[in-house]
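Remarks on the structure that follows.
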Amino acid sequence: MTEENFIPKLKQGDQSAYRELILMFSGKAYNTALGLLQNREDAEDITQEVFTEVFRSVSGFRQQSKLSTWIYRITVTKSLELLRSRQRDKRKGIILSLFGKEDLLNMTADEPFYHPGISLENKEMSAVLFNAIRRLPLNQRTAFTLNKLENLSYAELAEVMGLSVSSVESLLFRAKQKLRELLGDYYEKNIR
Amino acid sequence: MKTKEEWVDKAMGSLDEAGRAELNPAAKEDLLERIQYAGSVIDHMKPALVWKIAAIIMLLISLNVFTILYYHKSSAGSSSPAGSVATEYFSYIDHYNL
């Protein structure tokens, strides 16, 4: 089924079209959410929310972009909302610790994340990289994750993120630079 | 022994050719089921919710009937407007000795 005859059926509320939509796109949404959130339960919840949103909003979808772009955009938005709320909770925790503990930076270490799609030989190294990705600003994290895990081109990334291609190039360049720096620090502390 | 640069290069490349993670089958089925129920509110409400709403409506009707009956019995023969309405409305109760 092509996108041209898919979308009218979705707008009519055709249940089989929705089923087809989920079968075609749930992998993309889940993989994107998993890469950004680095947590399976969160990624599953976000994927549910994405398709509920798609169901609710498809009547307003004007087909100015591809269906996949739209779904990526919803997934990224919802994943970033969750990340921001977690960051706010973390900041509250730090403030509470100012009053409760002498060691102000006594934070538990991040749990390593093992992406199920990574080969065994790269699992440990990818866990280190994912840990470094967590330390990127959200826009760099989004660009890098989508580029690496979903193989989105600069043009596709620009559409999903609502940026120009040159902005995406700049984001990716800075993300890679920052990651190399973080990985270098990790090497100095743990490998050397 | 890898140099630092080689190690960093290898780490940066560890996501290359990563396979796509797939939603587990149970979560996918749950998603398909939710979409099935996410249609119009009336046509696709979950049965449990329909029964709950029906129970609430029955409770409200029962409370109203009970209140009117109670008021009717306690103000039988009263000349107040509400008492007259209740008396008139439920006059069949006295007629059939209910």
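Could you pull out every one of the lysines with an alpha carbon less than 20 Å from that of B:K10, ignoring same-chain neighbours closer than 8 positions?
Once the sequence-local lysines are set aside, what remains near B:K10 is A:K123, A:K148, A:K176, A:K178, A:K189, B:K2.
Need the full-extension length gain, B:K10 to B:L69, defined as separation in residues times 0.36 nm minus the C-alpha distance. One decimal, nm.
Between B:K10 and B:L69, full extension yields an extra 12.9 nm.
What is the average number of partner chain Cβ atoms found within 10 Å of a Cβ in A:170-176?
0
Just tell me which lysines come within less than 19 Å, Cα to Cα, of A:K90; anything on the same chain fewer than 8 places away is out.
A:K78, A:K101
Can you order the peptides A:22-28, A:82-88 by their average number of other Cβ atoms within 10 Å per residue, highest first?
A:22-28, A:82-88
Could you calculate the FRET efficiency of A:I94 with A:T52 from 1/(1 + (r/R0)^6), where r is the beta carbon distance between them and R0 is 45 Å, rounded to 0.05?
That pair, A:I94 with A:T52, gives E of 0.85.
Counting only other chains, what is the mean number of Cβ atoms within 10 angstrom of the Cβ of each residue in peptide B:22-32?
Per-residue shielding by partner chains comes out at 6.
Could you work out, residue by residue across A:143-149, how many beta carbons of other chains sit within 10 Å of that residue's beta carbon, and then give the average as an integer?
2
Show me A:5-14, A:160-169 ranked by packing, highest mean number of other Cβ atoms within 10 Å first.
In descending order of packing, they fall as A:160-169, A:5-14.
Read the figures in this text as sums done on the coordinates, not as results from a lab. This is a predicted model, so every value here is computed, not measured. Neighbour counts run over all protein chains shown; Cβ positions are idealised from the backbone, glycine included.
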